[in-house]
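Student: One structure is given below, represented as structure tokens, and several questions about it will come after.
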There are 2 protein chains.
Amino acid sequence: MTNSTPRPLARPAESAVAAVIEGLTQRFGNRVVTSDAVRWQHGHTLTWVPNQPPDAVVFPRTTEEVADIVRLCAAHRVPVIPFGTGTSLEGHVNAPFGGISVDTSQMKRIIAVHAEDLDAVVEPGVTRKELNEHLRDQGLFFPIDPGADASIGGMAATRASGTNAVRYGTMKDNVLALTVVMPDGSVVKTASRAKKTSAGYDLTRLIVGSEGTLGIITEITLRLSGIPEAVSAGICPFPSVRAACDAVIMTIQSGLPVARIELLDEVMMRGVNLHSKLGLPETPMLFLEFHGTEAGVKEQAERFGEIAAEFGGGPFDWATKAEDRTRLWQARHDAYWAALALRPGVQSVATDVCVPISRLADCLDETKRDIEAAGLVAPIAGHVGDGNFHTQPLVDMNNPEEVERCKAFIDRLVKRALAMEGTCTGEHGVGQKKMQYLEAEHGAATLDVMRTLKRAIDPLNIMNPGKIVAL
Amino acid sequence: MTNSTPRPLARPAESAVAAVIEGLTQRFGNRVVTSDAVRWQHGHTLTWVPNQPPDAVVFPRTTEEVADIVRLCAAHRVPVIPFGTGTSLEGHVNAPFGGISVDTSQMKRIIAVHAEDLDAVVEPGVTRKELNEHLRDQGLFFPIDPGADASIGGMAATRASGTNAVRYGTMKDNVLALTVVMPDGSVVKTASRAKKTSAGYDLTRLIVGSEGTLGIITEITLRLSGIPEAVSAGICPFPSVRAACDAVIMTIQSGLPVARIELLDEVMMRGVNLHSKLGLPETPMLFLEFHGTEAGVKEQAERFGEIAAEFGGGPFDWATKAEDRTRLWQARHDAYWAALALRPGVQSVATDVCVPISRLADCLDETKRDIEAAGLVAPIAGHVGDGNFHTQPLVDMNNPEEVERCKAFIDRLVKRALAMEGTCTGEHGVGQKKMQYLEAEHGAATLDVMRTLKRAIDPLNIMNPGKIVAL
């Protein structure tokens, strides 16, 4: 590979930024905003990384407008930071070198739904809930569901997933094609609408998860799924996190096509009870959902009940009534807010790791002991069918000692996951917070290939600089 | 992007090739072969492209040996052409500029099977059947099944798929991580064993389908599946290709989790009868397989029977007995040979395209009319659940007029698929034969990004030069 020493990047000259803002204002009028409130909102993070606001925010409406913005920024070497709904958790939208935040929230068209092909073409500002609202009448849905009502563009950029990934995959598996404005302003279409292809390099997957560092996504062709004929859902308490994990492994191994299988630890369950007033047992709990035919989901639920009992879990309480399911899954989806109920008034620093499922119980056990030893309040929720879990330390940001304790805990958590053949992030992405772990995870040679790609695609280093490989 | 004019590549100097062969012989002894027979075997194609043999073939046994080969070739700027089992169909292993064919057939270790994690780590020379033989006792299988007993390395390199893709995905979905020797001889590991990750650029998917043009795959971590508890399979005749396609669309839309749904047209069915002596009706036929529980596969088969009847198909004759299933699927897997039975003594020029499933009936109808008008014998078999189909014109290579007629037909076939928002290849790969269509499929800007990647990763252009983007 080429020389891998990261090139230093400084803020562009004030005059360059001023020229870009002037050019943008001529072109976009009041869709260019430089007010402090909007700038700070676009640079926020949900981490301990300080807010680093962009110099301006622009709200394009078309691919061509995005291309014009990028060309103007490239001409003046001013950074471009793509922005969806701002719900990313690891510091993706911060602007450490200033520049222009490109907010795609006005790109909200659902361009096409091809029901026979089970695909849809959308603009990046459409959120997952908006899309599912639109699809419902056609018996279709888009299964990827990160906690927040994120934008489809942001979800593609961060390779998001969620509770359905164990059955339906992640954004990597559900994006068929992208339209991308590249760092030189050229517009590329990464693939056709065909369900599979072997026609050259997989640019779709190169852009998915690139966090805006290789280009701005302006159109997404998504794979859809049919709303299942029947759904059953339920919760199942376990005597320990390990017993729950063992039941999960057996469930996956036995080929039960579970649609969702989520673990909440007893700390998180306490938060759920505080937040959602469900009065559930405060013990490690699996939340499950099965999709299929009436007979199929009944059979799946019964099988799972037998597996749970083998590991001391149960009773498995399951329901096929939509309102009961909704209540349960609302509680699961509200876990982020439920966690906050455990320690009102402080900030939550959510993070995630992912390990091979055979190591999940070890990783969770060690992590829970670590949390206790560190004196932190940090509930755990996991997409355990994939070996992926989140913890959400609740931290008083005004207490520097506590912040340091939290940082040290997350550092140990990541190193623990890596030592177990895992990854520093299963679905949140790298952002600013996980950059420091990429070399430990991938090794120097692999990171060097990533840098080579970044340099080749974005030689001016204007696309979300200071993220992922941070040239 | 950077300047996209392809750089001409000439054969390296005789002295450079001689130096490499001498260096390899010192290092590898009789594992370096320069005999005509072996060289020609490694440059074969199953197309009309003439055989372009490499200058020598080397048989490494470890990643380090592959790295040494690549470093030596890089030092002398001699091309490196990776070789698996040589079963690719579009001219992937030809050596248009000479160089060294790196035959991975002695890299056959199954390094690990992690049953709890449903993954395995294998060397590239392991074939899919060898792997499945090894896995059987553990109740696991690897679902990707291109027609040939291809090597796992070759399957990853060409982004192969097969009959199970509609349920289990393609190599893109079933490769978790790769070890790759890069064009400078560095060794990279693309990912961990975690089931999902958002930790940086997706190098796994960049290498999958890169056809040896970005590096040589020396280790593959594969996602495995549990052997289903029950399997049912059957065949269902239809009055027309269009009726069969309509039944397929309805099957997929209704969420029936079909494991395989394959179409053979009446011409291919004639070949199947000649080859396998099955005495089946010579009419468009769907071959199906369902995976699940005993009750589940019965339910799926019954539902499919109802759908087929709606479109005038049937009777749907299905069986759960293993020997009956094996006989049926053997006939399907032998389609390549069955086709040859239609016109003994000539060559088959197999190719594939893939379109959105809503366009499949149109694409097939037009293609069948085209075959007839062109006076060709070209049976059709398709992985129709994905909109992917193959045709296999049987061509007398000694008749230049007939070869030209076949080329013109394939040209029209590809352009038809592209006009229907499809791809020039769903699973065969680009090789030498589909390169000419990449610009029509992707557009100049997208192809330019592919060239930029190739140049960045392989600046000396030694990795399988003359393929995909052909700098």
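The values are calculated or read from the model by the stated rules, or taken from the named source; none is laboratory data. Just so we're clear, the structure is a prediction, and the values are computed from it rather than from any experiment. As a convention, Cβ positions derive from the backbone with ideal geometry for all residues, glycine included, and neighbour counts pool all protein chains shown. Side chains included, ligands, DNA and RNA excluded: accessible areas come from the protein's heavy atoms. Shrake-Rupley method; radii C 1.70, N 1.55, O 1.52, S 1.80 Å.
Student: For residue B:327 and residue B:229 in the same chain, what is the full-extension length gain: residue separation times 0.36 nm, less their Cα-Cα distance, in nm? Provide the component values of the computation, followed by the final result.
Tutor: On the way: separation 98, 0.36 × 98 = 35.28 nm, distance 1.97 nm.
Residue separation times 0.36 nm, minus the Cα-Cα distance, leaves 33.3 nm.
Student: Just counting partner chain Cβ atoms within 10 Å, what average do the residues of peptide B:419-427 show around their Cβ? Write down the numbers at each step before the final one.
Tutor: On the way: counts 0, 3, 8, 6, 10, 6, 6, 6, 3.
Mean shielding count: 5.
Student: How large is the charge dipole for the range B:230-337, taken about the Cα centre, if only the Cβ atoms of Lys, Arg (+1) and Asp, Glu (-1) carry charge, to the nearest 20 debye?
Tutor: The calculated dipole for the range B:230-337 is roughly 220 debye.
Student: If I take every Cα pair under 8 Å that is 6 or more residues apart in chain A, average their sequence separation and divide by the length, what percent do I get for the relative contact order?
Tutor: Numbers: 1010 pairs, mean separation 78.0, N = 471.
17 percent.
Student: Let me ask something else. Show the residues, 5+ positions off or on another chain, whose built amide H is closer than 5 Å to the amide H of residue A:127.
Tutor: Under 5 Å from the amide H of residue A:127 lie the amide H atoms of A:152, each far enough along the sequence or on another chain.
Student: Just how large is the dipole of the protein assembly as shown about the Cα centre, in debye to the nearest 20, putting +1 at every Lys and Arg Cβ and -1 at every Asp and Glu Cβ? It would help to have the intermediate numbers written out before the result.
Tutor: Numbers: 94 positive and 114 negative charges, 360 e Å.
Here the size comes out at about 1740 debye.
Student: If you don't mind, another one. Convert each backbone phi in the range B:137-149 into a coupling constant with the Karplus relation 6.51 cos²θ - 1.76 cosθ + 1.60 (shift: θ = phi - 60°), then list the ³J(HN,Hα) values in order as whole Hz, x for Gly and Pro.
Tutor: Those phi angles translate into 4, 9, x, 10, 8, 10, x, 6, 9, x, x, 7, 7 Hz.
Student: I'd like to compare B:462-469, A:43-50: which one has the highest average count of other Cβ atoms within 10 Å, and what's the full order after that? Provide the component values of the computation, followed by the final result.
Tutor: On the way: B:462-469: 25.2, A:43-50: 18.1.
Highest-to-lowest ranking by the protection proxy: B:462-469, A:43-50.
Student: Ordering A:231, B:449 by how much accessible area each has at a 1.4 Å probe, largest first, what is the list? Before the final figure, lay out the partial values.
Tutor: Working: A:231 25, B:449 5 Å².
So, going from the largest accessible area down, we get A:231, B:449.
Student: Now for a different question. May I ask which residue of A:328, A:218, A:350 lies farthest towards the positive end of the charge dipole of chain A, with charges of +1 (Lys, Arg) and -1 (Asp, Glu) on Cβ and the Cα centre as origin?
Tutor: It is A:218.
Student: Using the Cα centre of the protein assembly as shown as origin and beta-carbon charges of +1 (Lys, Arg) and -1 (Asp, Glu), tell me which of A:239, A:23, B:162 is placed farthest towards the positive end of the dipole.
Tutor: A:23
Student: Residue by residue, what Karplus-based ³J(HN,Hα) values in Hz, rounded to whole numbers, does the range B:211-224 have, using 6.51, -1.76 and 1.60 with θ = phi - 60° and x for Gly and Pro?
Tutor: 6, x, 8, 10, x, 10, 6, 10, 7, 10, 9, 10, 7, 10
Student: Further, regarding this structure: Helix-only mean residue ellipticity at 222 nm, the protein assembly as shown, DSSP H runs n ≥ 4 weighted -39,500 (n - 2.57), per residue, nearest 500. What is it? All intermediate terms of the calculation are to be shown ahead of the outcome.
Tutor: Details: 34 runs with 354 residues, N = 942.
Counting only the DSSP helices, I get -11000 deg cm²/dmol.
Student: Determine how many Å³ per residue the convex hull of the Cα atoms of the range B:355-471 encloses.
Tutor: Working: hull volume 13.6 nm³, N = 117.
It comes to 116 Å³ per residue, whole-number rounded.
Student: Choose one of B:460, B:177, B:274: the residue whose Cα lies farthest towards the positive end of the charge dipole of the protein assembly as shown (beta-carbon charges +1 Lys, Arg; -1 Asp, Glu; about the Cα centre).
Tutor: B:460
Student: Is the range A:230-337 rounded, prolate or oblate when judged by the Cα gyration tensor, a ≥ b ≥ c being the square roots of its eigenvalues, rounded requiring a/c under 1.5 and prolate requiring a/b larger than b/c? Mind showing how you got there, number by number?
Tutor: Values: a/c = 2.04, a/b = 1.22, b/c = 1.68.
Note, shape of the range A:230-337 comes out oblate.
Student: Here is a follow-up. At a threshold of 8 angstrom on Cα-Cα distance, excluding pairs fewer than six apart, so keeping six or more, what relative contact order does the range B:110-226 reach in percent? Walk me through the numbers before you get to the answer.
Tutor: Details: 223 pairs, mean separation 38.3, N = 117.
Over the range B:110-226, the number comes to 33 percent.
Student: If r is the Cβ-Cβ distance from residue A:445 to residue B:372 and R0 is 35 Å, what FRET efficiency results, to the nearest 0.05? Write down the numbers at each step before the final one.
Tutor: Values: r = 55 Å, r/R0 = 1.56.
Once the sixth-power term is evaluated, E becomes 0.05.
Student: Place a +1 charge on the Cβ of each Lys and Arg in chain B and a -1 charge on the Cβ of each Asp and Glu, then give the dipole magnitude about the Cα centre in debye, rounded to the nearest 20. List each step's numbers first, then the result.
Tutor: On the way: 47 positive and 57 negative charges, 199 e Å.
Around 960 debye, computed over chain B.
Student: Roughly what % of Cα-Cα distances in the protein assembly as shown sit above 50 Å, to the whole percent? Write out the running numbers ahead of the final one.
Tutor: Values: 80456 of 443211 pairs.
Here the tail beyond 50 Å accounts for 18 percent of pairs.
Student: Taking a 21 Å limit on the Cα-Cα distance, which of the listed pairs A:172/B:189; A:172/A:195; B:407/B:434; A:129/A:277; A:129/A:433; B:129/B:172 fall beyond it?
Tutor: Numbers: A:172/B:189 19 Å; A:172/A:195 13 Å; B:407/B:434 11 Å; A:129/A:277 25 Å; A:129/A:433 27 Å; B:129/B:172 19 Å.
Check vs 21 Å cut-off fails for A:129/A:277; A:129/A:433.
Student: Across the residues of A:115-122, average count of Cβ atoms on other protein chains within 10 Å?
Tutor: Working: counts 3, 10, 11, 7, 4, 0, 0, 0.
Mean inter-chain Cβ contacts per residue within 10 Å come to 4.
Student: Further, regarding this structure: Using a 10 Å cut-off on Cβ atoms, rank the peptides B:26-35, B:165-174, B:151-160, A:219-228 from the highest mean neighbour count down.
Tutor: Details: B:26-35: 13.6, B:165-174: 23.5, B:151-160: 29.9, A:219-228: 21.1.
By packing density, highest mean first, the sequence is B:151-160, B:165-174, A:219-228, B:26-35.
Student: Given 0.36 nm per residue, what is the gain on full extension from residue B:436 to residue B:133 after removing their alpha carbon distance, in nm?
Tutor: Details: separation 303, 0.36 × 303 = 109.08 nm, distance 3.89 nm.
Difference between extended and current length: 105.2 nm.
Student: Could I ask something else about it? Report the accessible surface area buried between chains B and A, summing both sides, using a 1.4 Å probe on protein heavy atoms only, in Å² rounded to the nearest 100. Before the final figure, lay out each step's value.
Tutor: Values: alone 18950 and 18950 Å², together 31320 Å².
The buried area between B and A, both sides summed, comes to about 6600 Å².
Student: I'm checking a number: the convex hull volume of the Cα atoms of the range B:110-226, normalised per residue, in Å³. What is it? Mind showing how you got there, number by number?
Tutor: On the way: hull volume 11.2 nm³, N = 117.
Hull volume normalised by residue count: 96 Å³.
Student: For chain B, take the longest principal axis of its alpha carbons; what is the angle in degrees between that and the long axis of helix B:360-373, to the nearest 10 within 0 to 90?
Tutor: Roughly 80 degrees, rounded to the nearest 10.
Student: How large is ³J(HN,Hα) for each residue in the range B:106-113, as worked out from phi by the Karplus curve 6.51 cos²θ - 1.76 cosθ + 1.60 (θ = phi - 60°), to whole Hz, x for Gly and Pro?
Tutor: Working through the residues one at a time gives 9, 9, 10, 7, 9, 6, 7, 10 Hz.
Student: Okay, moving on. Can you list residues from other chains, or at least 5 along the same chain, whose modelled amide H is less than 5 Å from the amide H of residue A:145?
Tutor: A:162, A:163, A:164
Student: A further question on this structure: Remind me, relative contact order of the range B:272-428 in percent, using alpha carbon pairs under 8 angstrom and six or more residues apart? Don't skip to the end; give the middle numbers.
Tutor: On the way: 168 pairs, mean separation 37.4, N = 157.
Reported as a whole number, the value is 24 percent.
Student: Now for a separate question. From other protein chains only, count the Cβ atoms within 10 Å of every residue's Cβ in B:201-213, then give the mean. Can you show the working numbers first?
Tutor: Values: counts 22, 11, 7, 3, 9, 8, 3, 4, 7, 3, 3, 0, 2.
What the average comes to for B:201-213 is 6.
Student: In addition: Over the alpha carbons of chain B, what is the largest minus smallest coordinate on each principal axis, giving the biggest first in Å?
Tutor: 67, 57, 43
Student: Now, a different point. Of the listed peptides B:361-372, A:79-90, B:279-290, A:422-433, what is their order by residue-averaged count of other C-beta atoms within 10 Å, with the highest listed first? Could you put the intermediate results ahead of the total?
Tutor: Numbers: B:361-372: 17.7, A:79-90: 25.8, B:279-290: 20.8, A:422-433: 27.7.
Top of the packing list down: A:422-433, A:79-90, B:279-290, B:361-372.
Student: Need one word for the range B:59-111: rounded, prolate or oblate. Basis is the Cα gyration tensor (sqrt eigenvalues a ≥ b ≥ c); a/c below 1.5 gives rounded, then a/b vs b/c decides. Please list the in-between numbers first.
Tutor: Details: a/c = 3.28, a/b = 1.05, b/c = 3.12.
Verdict is oblate for the range B:59-111.
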